[in-house]
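Q: Let me give you the structure first, and then I'll get to my questions.
Laboratory data are not the source of any read-out in this text; all were calculated from the coordinates shown. In this text, all values refer to a predicted model and were calculated from it rather than measured experimentally. Cβ sites come from the backbone with ideal geometry, for glycine too, and all protein chains shown count toward neighbours.
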Amino acid sequence: MTSAALRSRAWKLLELVTTPLLPSDYLDLVSPLRAGADLRGRIEAVHPETPDAATIVIRPGRGWRGHRAGQYIRIGIDVDGVRLWRAYSVTSPANRADGRITITVKAIPDGKVSNHLVRDAKPGTVIQLDQACGDFVLPETKPAKVLYLTAGSGITPAMGMLRDAELDDVVMVHSAPRKEDVIFRNDLHDLVADKKLRLVELHTDTDGMLDVARLHELVPDWAERETWACGPAGLLDAAEEHWTAHGLADSLHTERFRPSVVVAGDGGEVTFSTTGTTVEADGATPLLDVGEEAGVLMPSGCRMGICFGCVTPLKAGAVRDLRTGEITEAEPGVLIQTCVSAAAGPCDLER
Amino acid sequence: MTAIDPTAHLTDEQIEELGRELDAIRDEVIASRGEKDAAYIRKVISVQRKLELTSRGILLFSIFPPAWLIGTAGLSVAKILENMEIGHNVLHGQWDWMRDPKIHSTTWEWDHVSPADQWKHSHNELHHTYTNVIGKDNDLGYGIMRVDEDQKWHPIHLGQPLWNFINACFFEYGIAAYDLELGKNLHKRRRKNPEFRARAKAVGRKIRKQVLKDYVIHPLLSGPSFLTTLAATFTANLVRNLWSHSVIMCGHFPEGVQVFERRSIEGETRGQWYLRQMMGSANISGSKLMHLMTGNLSHQIEHHLFPDLPSNRYAEVAVKVRALFEKYELEYVTGSLPKQVFSAWHKVFRLSLPNKKPKVQTPDREKELVAA
């Protein structure tokens, strides 16, 4: 018998000892970050960055498989006793010596998790984690010339990349309302002083919004640069339009923090058949919110349609994708993203 | 059904007003649920698991009498906490709002021979909806006892003190049997029903696992202490069964608690439902420790009014609920554990015999009996 088979048999035996609980239910009491546990992390420090942003230093559990600069992680944290999941870009380099990772969070108005993390998070708190994901990353072969086009908290994945890889020719065009709102401002100016970065810092309260069509005035060789853009939908929509108009869509990479809702569904009666819950839903509310409101245990993550942490089998009926208006009908094996899907008539979800 | 209706003095409007006042109490708790409550249940779960592990560890040496005593006492308490304050309440969905998949009514399994999903159906859906309605609420006498004067007496009821005692000793098996509705389903025609067979199989699996753990694996791990550990786990289960049976009897059986007939709940409004829960339940008074060990079913009245509110909040809710009882001139049935246990057992014995003929009847009482 192989050692793996032996281990699994020993584990089975242990399960007979602990039934109806699992051995891990006991181990979690003393060692929540151990290898083999559900992936968790422990908050070790919270460093303020701006009046409404902070960097959270997390020691990930033994099961952490690392990340690539620019990727994001889903974290689950208890706010007022309720487990909430959100996705945040990793802002630490992939090869950080102490094995810690950082996320940098900007508190948004009414943002339960972001405000909690920035203002109330305590070192020592154990949080739930998911492995890093996302394809907003640098390619294996480093591009010769890079442009980061960012605004607000959109700087976070770019900072992860800046800290991770030494590139020869990097330009960043970053917008924030005021000087004091620029996250990582000191780090950025240190990089500029070391001649590792050319920075165009725009303060939109005084300078006005960046007009992407006039980017060439700020960065004359923008078209030669592989570009990573992250920020509000307005900026990204304009960038996509601009790059496409110049036939350069392939050299633009974007990361969205918020879904852009275009079409509402028709609404209808939503059944969560596993728990036997039925509620009426309108056509604009994501099914994730509908389920949570009804007390159904819904998996969730980025809440904007990118991380697939919320996928749920659609057993019957139809749903509408709030971003595209596309209708998905139930078929065996059909999974929907509940965070960007609304009821399009009566439907039945396996939760 | 009870001869004198203790709610007769309330008008329909008053009953609906009472319902609104109870809704307001519920809303207040829901709006203020938070971190402290979450910390409470996590603490209880953590203490329970550590207590169980430690006790079972001590029982590995149960051949030494002091180890047997301490281990058995610890395991009994751990099993009681697991079933009462944790299992029962988690399975009620009292902690679902935390959205923690590890402490959720849809994922929880408990240290009990009845599988969680079957118990949730018979307890949450049937017992809590049809509380104390004869013929609908199986908790009422567990289908084997006479619980009200108006039920017809049969010589078989002479044995009901004995049935009740046996049920108390093996209470978890009694519950599994009635979650399966064995009485009804053992009829020849129903026995082959595939749905029943699947459920019976699930109970069989659960019993096997529970028995294997308590009566085979742990004794085997104890080596030379095999027999004494076997005796210890048996004792702990017995203590847990007797305790939970007593607590639950106190919830609906003591004198003063009303039972209802099927007809009386047709077209019941929310206010009337609340009123039935108020009149059909009884509390146990006592210390904080008593409330914890009963899984806060010592606040049975509050639990029946708000089955899904976190158990740690029933004590504060009880103050407000009791004030409503006074306002609407209703009897809040409560008493110490010994008093209520005695009262419940007294009823079991009394109803095992045919009704005594009332000696004197005032014309008023006669009229009420006819009306009822």
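Q: Membrane-span-like helices in chain B: DSSP H runs reaching 20 Å or more (Cα, own axis), mean Kyte hydropathy at least 1.0? Walk me through the intermediate numbers first.
A: On the way: long enough: B:12-32 (31 Å, -0.61); B:35-59 (36 Å, -0.25); B:65-81 (24 Å, 1.16); B:194-211 (25 Å, -0.98); B:226-252 (40 Å, 0.74); B:337-351 (21 Å, 0.07).
Sorted by number, the helices that extend far enough and score high enough are B:65-81.
Q: Let me ask something else. Shielding of B:93-99 by partners, i.e. mean partner chain Cβ atoms within 10 Å per residue? Walk me through the numbers on the way to the answer.
A: On the way: counts 2, 0, 1, 4, 6, 6, 14.
Per residue, the average neighbour count from other chains is 5.
Q: Using the alpha carbons of the range A:268-349, what is the convex hull volume per residue in cubic angstrom, as a whole number?
A: Values: hull volume 6.2 nm³, N = 82.
Dividing the Cα hull volume of the range A:268-349 by its residue count gives 76 Å³.
Q: Now for a different question. In whole Å, how far is the Cα centre of the range B:189-231 from that of the range A:159-183?
A: 63 Å
Q: Can you compute the helix-only [θ] at 222 nm over chain A? Use -39500 (n - 2.57) per DSSP H run of at least 4 residues, normalise by all residues, nearest 500 deg cm²/dmol. List each step's numbers first, then the result.
A: Details: 9 runs with 75 residues, N = 351.
The helix-only estimate for chain A comes to -6000 deg cm²/dmol at 222 nm.
Q: In addition: How about residue B:192: which lysines have a C-alpha closer than 20 Å to its C-alpha, ignoring those fewer than 8 places off in the same chain?
A: List returned: B:184, B:201.
Q: Let me ask something else about it. Would you give the gap between the C-alpha center of the range B:147-170 and the C-alpha center of the range B:236-283, rounded to a whole Å?
A: The distance from the Cα centre of the range B:147-170 to that of the range B:236-283 comes to 17 Å.
Q: Scattering from the C-alpha atoms of the range A:20-129 alone, worked out with Debye: what is log10 I(q)/I(0) at q = 0.18, 0.20 1/Å?
A: Normalising to I(0) and taking log10 leaves -0.89, -1.08.
Q: List the relative contact order of chain B as a percent without decimals, with contacts defined as Cα pairs under 8 Å and 6+ residues apart.
A: Details: 475 pairs, mean separation 98.9, N = 372.
Reported relative contact order: 27 percent.
Q: Assuming 1.306 mPa s and 10 °C, estimate D for the protein assembly as shown with Stokes-Einstein, Rh taken as the Kirkwood radius over Cα pairs, in µm²/s. Numbers along the way, then the final one.
A: Values: Rh = 29.8 Å.
Translational D for this selection: 53 µm²/s.
Q: To the nearest 500 deg cm²/dmol, what mean residue ellipticity at 222 nm is calculated for chain B from DSSP H runs of n ≥ 4 alone, each contributing -39,500 (n - 2.57), summed and divided by the residues?
A: On the way: 17 runs with 203 residues, N = 372.
The helix-only estimate for chain B comes to -17000 deg cm²/dmol at 222 nm.
Q: Between the DSSP loop rule and a limit of at most 14 other Cβ atoms within 10 Å, which trypsin sites (Lys or Arg not before Pro) in the range A:40-73 are left?
A: Working: sites: A:40, A:42, A:62, A:65, A:68; in loops: A:62, A:65, A:68.
Here the sparse-neighbourhood loop sites are A:62, A:65.
Q: Rounded if a/c is under 1.5, else prolate if a/b beats b/c, else oblate: with a ≥ b ≥ c from the C-alpha gyration tensor eigenvalues square-rooted, which is chain A? Intermediate values should be presented prior to the final figure.
A: Values: a/c = 1.94, a/b = 1.31, b/c = 1.48.
Oblate shape, in that a/c is at least 1.5 and b/c is the bigger or equal ratio.
Q: Past the 24 Å Cα-Cα mark, which pairs from B:136/B:347; B:288/B:347; A:112/B:50; A:12/B:213; B:79/B:136? Before the final figure, lay out the partial values.
A: Values: B:136/B:347 20 Å; B:288/B:347 28 Å; A:112/B:50 33 Å; A:12/B:213 13 Å; B:79/B:136 30 Å.
Going by Cα-Cα distance, B:288/B:347; A:112/B:50; B:79/B:136 fall outside the 24 Å limit.
Q: Within straight cross-link reach of residue A:315, meaning Cα distance under 14 Å, which aspartates and glutamates are found once same-chain residues fewer than 8 apart are removed?
A: Those aspartates and glutamates meeting the cut-off are A:269, A:329, A:331, A:348, A:350.
Q: Turning to a different aspect of this structure: Roughly speaking, what is the centre-to-centre gap between the range B:1-38 and the range A:1-74 when only Cα atoms are used, to the nearest Å?
A: 44 Å
Q: Which lysines does residue A:179 reach when only Cα atoms under 19 Å apart count, and residues fewer than 8 places away in its own chain are ignored?
A: By straight Cα distance, residue A:179 reaches A:106.
Q: Just to be sure I follow the definition: excluding the sites themselves, where is the longest run in chain B that has none of the GluC sites (Glu not before Pro) in a DSSP loop with at most 11 other Cβ atoms within 10 Å?
A: Details: sites that count: B:266, B:329.
For GluC sites (Glu not before Pro) (loop position, at most 11 other Cβ atoms within 10 Å), the longest site-free span of chain B is B:1-265.
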